[in-house]
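Written out below as structure tokens is the structure these notes cover.
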Amino acid sequence: MTGAVAWHGGWAILPGLIVDIRNESGRLLPELFDRVNNRWFVVGEEGSRYSIVLHNKTDSRLEIVVSVDGLDVIDGRKASESKRGYLLAPHSRQIIEGFRQSMHAVAAFRFSPVRESYAAEKYHNTRNVGVIGVAVFEERASILTPDAEARKRLKANPFPGRFANPPER
């Protein structure tokens, strides 16, 4: 399943997913509703950091693909629903604080003028600055029945080789 963000009372609600935008002290950011275009906007202060918080309220594992300013939050390149996203276990939460630079570092999300945005500075493209996108995918059930899966695991060889081969370069 996929969906577009619809702000409601500070929370973006999709089937089974709640998305909120918080400031650097963890407070929910205020929002405004545009009755003409039927859209919600988050209000932030120039220069301040923000984070995107994903809450999986379902009993299923979800994959969430998130974009900021038209860029994928995991690799910082052009966003696409076909890219890999964050995997959220049932009833879990993920805080995204910026564009991922490594397993331990991010380029923080900050409210800024369009010309100073990450998208403008990195790619000279401001078309989607100010837009947060969320695509939600529910995990498909295994094609194998539980009995067939168990039989397959019972026949598996836990030690098929003697040593791990080094990666080829």
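The table for this structure:
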| read-out | value |
| --- | --- |
| Rounded to whole Hz, the Karplus (6.51, -1.76, 1.60) HN-Hα couplings of region 118-131, x for glycine and proline | 4, 5, 5, 5, 7, 10, 6, 10, 10, 4, 10, 4, x, 10 |
| His55, His104 arranged by Cβ crowding within 10 Å, fewest neighbours leading | His104, His55 |
| Separation of the Ala107 and Asn38 label points, Cα + 7 Å toward Cβ, nm | 3.5 nm |
| Sequence-distant residues sharing a close amide H with Ser48 (under 5 Å, placed H) | Phe111 |
| Length-normalised contact order for region 7-154 - Cα pairs under 8 Å, 6+ apart - percent | 22 percent |
| Extension reserve of the Arg127-Glu24 stretch, reckoned as 0.36 nm per residue once the Cα distance is removed | 34.5 nm |
| Nonlocal amide H pairs with Val106, under 5 Å, H built at 1.01 Å | Gln101 |
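No lab work stands behind these numbers, since they all come straight from the coordinates. Values in this document were obtained by computation on a predicted structure and should not be read as measured data. Glycine also receives a Cβ, built like all others from the backbone with ideal geometry; neighbour counts cover every protein chain displayed.
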